[in-house]
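Below you'll find the structure, written out as structure tokens, and then a few comments.
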Amino acid sequence: MHEIDRIIEAAGRMKRGIVATIVATSGSTYRRAGARSVISEDGEAVGAISGGCLEKDLAARCGEWLADMQARVITYDSSREDDIVFGLGLGCRGVIEVHIEPFDAEHPLRLVREFRWNGREPVTWETSIDGRLLLVESIRPSRALAIFGGGPDVEPLTNTAEQAGYTVSRISPRDVHPEKVRDTIDLTQFDAAVIMTHNYLYDEVLLQTLLPTEIAYIGLLGPKARGEELLRGAADPRVHSPIGLDLGGETPEQIALSIVAEIEATLNRRTARPLRELDGPLHVRPSVPCR
């Protein structure tokens, strides 16, 4: 489930609470602009804007904001050397501006009222207060992964991908024959595909079906020589064979982790190098704070 869908679902379930949205940051912070957390008046929190410290402080202050039901922006500054902010002892050395929107039955959350997906297209969402624009976001729907296979290794991959926020479609040869995939499934809806049928002829048909599409990542389970034979010498940079990153794992769960990690790195156009080797910012900035 997409992060914003989790926020909307939780807010719809909670009777009273706040939604906290990061609208601007500077320096080192756990999350960037656009991150959200919905917090009920009894302290339940869904979504993360920090490692947990900010959510605890927001929960403690939730009552005062529910008393007046007024939106506001608050600032957390952990850039000081002593790192003491509201007694929280934040670990990141940065400044975070957070938009607070209280809600109850008579004051429904704007996200619940107005946010709607537009198919696979990004949704532009604006956060403002008293007519002042704070943040413009381009919110993309969850990435979609197609897994072709029906073996016991499909379940761990499905679970790992869904935990990472993917929408997963499991397509077993028992349900859809590989030769019928093109006529049965809309392949334009997928960002990534993994072929793991453990059947050479099935894999061959699926690979030739997926190559003409615009799917950005095509993973092929099996030895390198087998993949080269299936590709018939026509290398395609989208095809990852053998599939996954070299994490040293052997169990289905460990292999699933390496596959999802490679998909994430590929779709995000990252190298999958250790973060300690990077010189620039760790996070991309899909949201634009407004001043």
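For the range 227-274, taking the residues that are assigned to a helix (DSSP H, G or I), open to solvent by 40 Å² or more (accessible area, probe 1.4 Å) and among the acidic types (Asp, Glu), the one that is farthest from LEU210 (Cα to Cα) is identified as GLU253. Criterion applied to GLY34, GLY43 was being part of a loop (DSSP other than H, G, I, E, B) and touching a Leu at 6+ places or on another chain (Cβ under 8 Å), and the one residue passing it is GLY34. ALA45 fulfils the conditions (1) in contact with an Asp or Glu (Cβ under 7 Å, 6 or more places away or on another chain); (2) open to solvent by less than 40 Å² (accessible area, probe 1.4 Å) except for a single criterion, (2). Residues that are farther than 30 Å from GLN70 by Cβ and without any contact (Cβ under 8 Å) to a residue 24 or more places away in the chain do not occur anywhere in the range 129-144.
The values are calculated or read from the model by the stated rules, or taken from the named source; none is laboratory data. Every value quoted in this text rests on a predicted model; they were computed, and no experiment measured them. Backbone-built Cβ (ideal geometry, glycine too); neighbour counts: all protein chains shown. Heavy atoms of the whole protein, side chains included, go into the accessibility calculation; ligands, DNA and RNA do not. Shrake-Rupley method; radii C 1.70, N 1.55, O 1.52, S 1.80 Å.
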